[in-house]
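Taken together, the values in this text are just the output of simple stated rules run on the coordinates, not laboratory data. Note that the structure is predicted; figures quoted are calculated from it, not measured. Methodologically, a virtual Cβ is constructed for each residue, glycine included, from the backbone with ideal geometry; neighbour enumeration extends over all protein chains shown.
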């Protein structure tokens with residue numbers, strides 16, 4: 001079966017959309033007859049580039065679009081769902097959060113088992129400050145895909161921001177079971193433990209984070225604060241020193257080191273650090 005003139009015109013229109021902003025491409029593809037997509041996929045790209053079609057179609061880009069479309073499933077309902085999902089992703093990348101959320105919502109009406117759509121919509125709700133709706137979406141995503149470490153992490157971070165530290169720690173712990181090499185999760189669980197006053201666990205988590213990411217100035221700084229709160233001023237100063245080696249313009253580290261020197265009775269060094277902190281703020 002060959003592509004007729006009308007089919008080629010449709011493909012040319014998709015190419016034009018690709019060259020503009022791309023937001024309507026997924027839904028436009030959804031309007032194409034199945035035979036057009038299947039025929040395009042069955043054509044040898046080298047043969048097609050020898051035809052006049054290559055002058056009006058961005059073949060490689062269309063090929064990737066159609067291949068991805070087919071991998072996401074056959075059937076009109078699945079293709080429509082994919083269209084809303086794909087356009088929602090484009091809107092999200094362009095910063096149009098409301099339109100992206102609307103498209104993910106439409107995709108979920110058509111396929112309420114789409115964990116990724118729940119996850120992505122949850123991220124957007126979080127960016128908009130709608131934390132309860134974000135939690136609800138991450139929860140739905142996790143019901144559908146309990147192995148999603150990122151969903152646990154994001155939900156945990158929202159719980160932490162809302163002050164629900166126990167729930168945050170529980171989610172960070174689940175994320176680490178799935179991905180024990182994630183320095184950021186260790187760091188954030190450490191923050192939650194510190195807010196709860198559990199300094200030993202906070203220090204342990206900051207230490208794990210630093211094993212995985214030795215260039216994390218924030219982890220050194222926060223571990224230093226925890227050591228200082230425990231009265232271990234020498235270890236605190238050592239951590240602040242490391243933080244400042246990594247980031248010499250880290251005002252909080254200068255201030256925190258100044259406080260440690262002050263508490264040790266080294267007032268000259270404390271004043272010098274406070275002065276540096278003020279210069280940087």
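Can you tell me the length gained on complete extension of the stretch residue 279 to residue 245, counting 0.36 nm per residue apart and subtracting the Cα distance? List each step's numbers first, then the result.
On the way: separation 34, 0.36 × 34 = 12.24 nm, distance 1.74 nm.
10.5 nm is the gain from fully extending residue 279 to residue 245.
The mean of 1/r over all pairs of different alpha-carbon atoms in region 170-225, once inverted, gives a Kirkwood hydrodynamic radius of 10.8 Å. Its Kirkwood hydrodynamic radius, worked out from the mean inverse distance over all distinct Cα pairs, puts region 94-143 at 10.5 Å. For the pair region 76-136 and region 181-233, the centres of their Cα atoms are 34 angstrom apart.
Packing-based ranking of 159-166, 203-210, 123-130, 265-272 yields 203-210, 123-130, 159-166, 265-272, ordered from highest to lowest mean Cβ neighbour count within 10 Å. Summary value for region 165-207: 37 percent relative contact order, contacts being C-alpha pairs under 8 angstrom separated by 6+ residues.
On the beta carbon distance between residue 145 and residue 200, with R0 = 30 Å, the FRET formula returns roughly 0.35. In nm, give the distance between the simple-model label positions of residue 113 and residue 136, each being 7 Å from the Cα along the Cα-to-Cβ direction. So the two model labels end up 2.3 nm from each other.
This ranking places 274, 186, 250 by how few other beta-carbon atoms lie within 10 Å of each, fewest first, which gives 274, 250, 186. Using the Kirkwood radius over C-alpha pairs as Rh, can you work out the diffusion coefficient of region 216-281 via Stokes-Einstein at 20 °C, viscosity 1.002 mPa s, in µm² per second? Rounded, D is 193 µm²/s. Here r is the Cβ-Cβ distance between residue 161 and residue 105 and R0 is 25 Å; the resulting FRET efficiency, rounded to 0.05, is 0.60. Note on residue 268 and residue 211: with the Förster distance fixed at 45 Å, the Cβ-Cβ geometry gives a FRET efficiency of about 0.85. Once both labels are positioned 7 Å from their Cα atoms along Cα-to-Cβ, the gap between residue 127 and residue 229 label points is 3.3 nm. Starting from a Cα-only point model with no solvent, please compute log10 I(q)/I(0) by Debye for region 78-184 at q = 0.13 1/Å. Those come out to -0.46, one per q.
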